[in-house]
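Structure first, commentary second.
The values are calculated or read from the model by the stated rules, or taken from the named source; none is laboratory data. Not measured: the values here are computed from a predicted model. Every residue, glycine as well, gets a Cβ built from its backbone with ideal geometry; the counts of neighbours run over all protein chains shown. These accessible areas exclude ligands, DNA and RNA; they are computed on the full protein's heavy atoms, side chains included. Shrake-Rupley method; radii C 1.70, N 1.55, O 1.52, S 1.80 Å.
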Amino acid sequence: MGQENNGPRTQIAWPTVLLIIGCYGTWVLALWALPLSAGVLIAAPVIALHASLQHEVIHGHPFPQQWVNDLLIWPPLALFIPFIRYKATHLAHHHDEIITDPFDDPESNYLDAHIWGQLPKFVQSTLRINNTVAGRLTIGPLIGVIAFAQFEWRKRDADILRGWLIHVPAVVAVIMLVILSPMPVWAYLIAAYLAMSILKLRTFLEHQAHARASGRSVIVEKGGVLGFVFLNNNLHVVHHMHPQVAWYALPALYRKRKDHYLRRNGGYYFASYREVIIKYLWKAKDPVVHPLWRR
């Protein structure tokens with residue numbers, strides 16, 4: 001899928017700046033000023049939004065200086081994934097020719113058939129459940145963290161180790177703030193897990209196995225509240241074609257050239273996340289084994 005490069009940015013994406021401020025402010029509110037149950041229910045989507053803002057920062061927003069952007073968003077509110085490693089693996093994922101590759105795409109949900117055949121039966125059963133919406137929202141975050149750690153471990157690289165070592169004191173800093181707040185650590189862990197669960201709905205169908213790279217990225221047309229939490233990455237083929245375009249500009253791009261994007265991705269389309277949930281709540285959308293992969 002061809003990416004359209006819009007050149008280096010010199011302007012500040014002020015909507016993103018304001019959203020980052022609002023995200024941290026609401027996070028503080030959830031921890032310090034709300035009853036426990038309300039705090040957890042508010043913290044979860046806010047932490048998910050923060051993860052989406054990390055994605056936005058990776059693509060060069062809101063300031064032209066990348067080090068400023070990274071500094072703004074480095075606190076690991078979701079705890080489990082190092083920002084430095086997410087940044088590196090996500091940029092690797094944007095080489096569209098490797099999307100869904102079970103070996104080279106760090107965000108692929110598919111496995112190679114040989115590896116699948118070596119897994120114990122209970123692991124195979126668990127991964128099949130994980131390919132339903134119900135499974136992805138419940139056990140998906142745990143499986144995702146384990147799979148990411150395994151992917152990193154296989155690389156055995158000094159930069160990877162450095163990224164995880166830097167992550168440790170960052171997590172400690174976030175946990176210390178939680179300890180200082182009225183919210184118990186166990187409740188914050190629930191909120192962080194729920195945040196990852198929300199994000200798993202986005203990634204559940206974000207990419208599919210397809211012979212053409214341009215046919216692998218989805219359009220979920222009406223994102224609703226979730227679309228905001230995902231910063232319009234429900235229009236995922238638009239993002240992959242314009243990775244440097246800010247989140248708030250994606251809907252206008254899509255509306256202007258809707259037919260073009262749907263031709264590009266071969267009609268990989270859902271009207272809303274409600275449609276996705278109804279269709280795949282108990283039914284697997286994809287096989288675990290990559291249906292087209294041959295090595």
Q. What list of ³J(HN,Hα) values in whole Hz, one per residue of the stretch 152-159 in order, does the Karplus curve 6.51 cos²θ - 1.76 cosθ + 1.60 (θ = phi - 60°) give from phi, with Gly and Pro shown as x?
A. 5, 5, 5, 6, 6, 10, 5, 5
**Q.** For L235, distant residues with modelled amide H under 5 Å away
**A.** V220
**Q.** Accessible area (Å², 1.4 Å probe, nearest 10) - E97
**A.** 130 Å²
Q. When the solvent-accessible surface of protein heavy atoms is calculated with a 1.4 angstrom probe, in what order do R85, R263 fall, highest first?
A. R263, R85
Q. Relative contact order, percent, of the stretch 126-249 when contacts are C-alpha pairs under 8 Å separated by at least 6 residues?
A. 21 percent
Q: Step through the residues of the stretch 23-37 one at a time and calculate ³J(HN,Hα) from phi using the Karplus curve (6.51 cos²θ - 1.76 cosθ + 1.60, θ = phi - 60°), rounding each to whole Hz and writing x for Gly and Pro.
A: 5, 5, x, 5, 4, 4, 4, 4, 7, 10, 10, 10, x, 4, 4
Q: Name the residues whose placed amide hydrogens come within less than 5 Å of the amide hydrogen of V289, ignoring near sequence neighbours (fewer than 5 apart) on the same chain.
A: L111
(Q) Give me the 1.4 Å probe accessible area per residue for the chain, excluding ligands and nucleic acids, in Å². (A) 49 Å²
Q.
In the chain, if the dipole is taken from +1 on Lys/Arg beta carbons and -1 on Asp/Glu beta carbons about the Cα centre, which of A271, I143, M241 is farthest to the positive end?
A. A271
Q. Quick one: with all protein chains in place, what share of the accessible area of the chain is carbon or sulfur, to the nearest percent (1.4 Å probe)?
A. 67 percent
(Q) Can you sort W186, W164 by solvent-accessible area, 1.4 Å probe, largest first? (A) W186, W164
Q: Please calculate the 1.4 Å probe accessible area of K279, with all protein chains present, and give it to the nearest 10 Å².
A: 100 Å²
Q. Just the Cα atoms of the stretch 153-295, one point each, no solvent: what log10 I(q)/I(0) does Debye give at q = 0.09, 0.19 Å⁻¹?
A. -0.41, -1.14
Q | Per-residue [θ]222 nm for the chain (sum of -39500 (n - 2.57) over DSSP H runs n ≥ 4, rounded to 500) | A | -18500 deg cm²/dmol
